[in-house]
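Derivation of every value follows stated rules applied to the coordinates shown; laboratory data play no part. Just so it is clear, the model here is predicted, and its values are computed rather than measured. So basically every Cβ, Gly included, is an ideal-geometry build from the backbone, and we count neighbours across all protein chains shown.
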Amino acid sequence: MEKQALRSYSSLSNKVVLITGSGTGIGQSIAKKFAENGASIIIMGRRKEPLEQTTTILNGIIADNGLSARVKSFSGIDVADETGINNMLKQIAEEFGRIDIVVNNAGVSGPVKAFTNANFTEFKDCVAIHLTGTFWTSRQCIPLMGQNAKIITISTFFSEENRYEQRPYRFRTPYTAAQGAKNRLAEALAWELTDKGIKSIATNPGPVHSDRIYKTVYPKAAAEFLRISGYSGLSPSQTEYACTKLLPLLGEDNAVVLSAINETAQQLSSGRDSSLDPAYLVQVLSGLLSKIQEIAEKIQANTKNMIVDSEFLTQEDVADIVLNLCDEKISALINGRIVPSDRVFYPVRPLVRTSLDDNSSSLRIEEKVVILLGNPSNAKDLDRLKNLANALRVEGVRNLTIFLHSCNLPFKFESFSYEMFNLNDEEQIGYKFQQVAKKYGSIDSVVYMTGNYDYERSLLSLSRKEWDSLVEQFINIPALVTKESVNAMCPGAVLDPPRYKNSNGRVIIVGPESPAGAKISGLVRARSEVFRGALRPFAATVNQELFEVLGSNIRLFLILPGTIAGSGSDAQRLHRSAAQIISGHVGNNGDAIFYIDEVKK
């Protein structure tokens, strides 16, 4: 089998391959597959010990096959760390002189929680590793890459898109947002690199046999479900605390698990809000852990039932996929494409529409309390924000509070009072929302206008600071605004999730516009989709959690202005659409994403 592989992929001999996140799991399997086929391997990751073990394995493969390839390991490096990646590539340039293939594999599960309960720092960290790590590693490798080099990006099937559908992934909002953008980034890189002859392809493996799924994602999802729905004998905060202590020990010896259960029971019984007997808590916690395992196994079984042969991919399967994508002929045929390889039949509700329901009657928003937030990066963005504020005032909204992201634009917001602060500050934005709710009794709607970015500018020309600013503007701030909006509309529900049930409110994100012009290139279109591609799966996941998990009537609406024909956006249609949503005329039927300018003439 090994000799056959060497013959089939002899073109990989003498190639230099960089694989991120390659100390364990899928990354290690990919590294082994390339080593078997004669390539020199550069592995990297955060932990030293797994990388040392992988290095030993790879050197053994090379020696056993009589190959002349080399192995180089870089430990203590996070792909989101700008300095670490830069320093690593300087050393690679000195030792290898080039890179022929980059495999963007590094990733983390991220927080597996309802978005209302997710830690914002963990959200940003997850996006930084999956999306920014892919962008920065790819960008910095390009000077070392020549004709026919390849960038292979591993994403997820949960961010695949169909015409009117999105695949939500409950409890995984940062993951879906980052992966959705990463798919679109892989497409954009292919367009940006045509003149260099470098190919960019992404693949979306489906569920893969791994400890991350069995010991992290599925159990954490089960634990979050129990925190929200309730577990007899424990409050939601006690359930969360117990799961934090016990879930990392799944799979350990019974004695280790029992010791942790006893210790956790003692800690809970001595807490301020508990007078429960430790012996009773031991029974409760044992039952909790069993219930989590039961639900986790059910999730796994349900997923298998959506696969034609009921089998997850193995890590070696994914390595084979990556190896095949590096074939010269195959890579030329599918350059710039996202290759779905999950085989999962995953039916979802249609979520995308081209317009809102036309309703010419009075919108009746005079009793509504609305917060309007903006992140203008230029005068045009600011005008859009002002015009929407004016339109809402004309419609008679009872109170309109305006918050702007701190920026250096010299302007005055005529006839409106507003506050300017860092919208990426979790504590500050939460406090401001609470102030509005306290002053006016409630918050009915929150509108965040992301602004736009320059589609004529090459993504690869962006500095790290400029890229980070875009991620903040189009992913992190929308996520924080959504989270704080829902929790301000339903105070106290974070600690008492049943309060979310039947709560009401509207959150609107007005995303970046489609490019406008008489003739729009594929390159410009690809650049414009990167962050729109983050917001679509994010909105789908948030609404699934609101409706199916939390039982809330609060909804997140994503408006993406502009047309595929390049005719630009219609300001009046945007104003009317926002007012319709705020008035409640747009119902709870599941629609979440609106291309309001794509209407039939």
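Here are a few things to note about the model shown:
- Among 98-107, 466-475, the order from most to least packed when residues are scored by Cβ within 10 Å on average: 98-107, 466-475
- Placing unit charges on the Cβ atoms of the charged side chains and taking the dipole of the chain about its Cα centre, the candidate lying farthest along the positive direction among T264, I365, I41 is I365.
- Relative contact order computed over the range 213-304 (Cα-Cα under 8 Å; 6+ residues apart), in percent: 36 percent
- Percent of Cα pairs exceeding the 40 Å cut-off, where the set is the chain: 31 percent
- Anisotropy class of the range 102-194 from Cα gyration tensor, a/c 1.5 cut: oblate
- When DSSP beta bridges are restricted to pairs lying wholly in the chain, around 10% turn out antiparallel.
- Across all Cα pairs in the range 181-236, the calculated P(r) in 5 Å bins from zero up to the longest distance comes to 4, 15, 13, 11, 11, 11, 10, 9, 7, 4, 3, 2, 1 percent per bin.
- Dipole of the chain, positive end: most advanced residue of Q238, W191, T24 [Cβ charges, Cα centre]: W191
- Sequence ranges 68-79, 429-440, 22-33, ranked by mean other-Cβ count within 10 angstrom, highest first: 22-33, 68-79, 429-440
- The value of relative contact order for the chain, using C-alpha pairs under 8 Å at least six residues apart, is 15 percent.
- Simple Cβ-charge dipole of the range 116-213, Lys/Arg +1 and Asp/Glu -1, about Cα centre, in debye nearest 20: 40 debye
- Across the range 159-251, the relative contact order, built from alpha-carbon pairs under 8 Å that are at least six residues apart, equals 19 percent.
- Backbone amide hydrogens, once placed in the peptide plane, bring S355 within less than 5 Å of Y595, excluding anything fewer than 5 places away on its chain.
- Peptides ranked, highest mean first, by Cβ atoms within 10 Å: ranges 180-190, 131-141: 180-190, 131-141
- The chain - charge dipole about Cα centre, Lys and Arg +1 at Cβ, Asp and Glu -1, debye rounded to 20: 980 debye
- Placing +1 on each Lys and Arg Cβ and -1 on each Asp and Glu Cβ, with no other charges, gives the range 213-304 a dipole about its Cα centre of roughly 280 debye.
- Projected area, mean over directions - the range 213-304, Cα convex hull, nm²: 5.5 nm²
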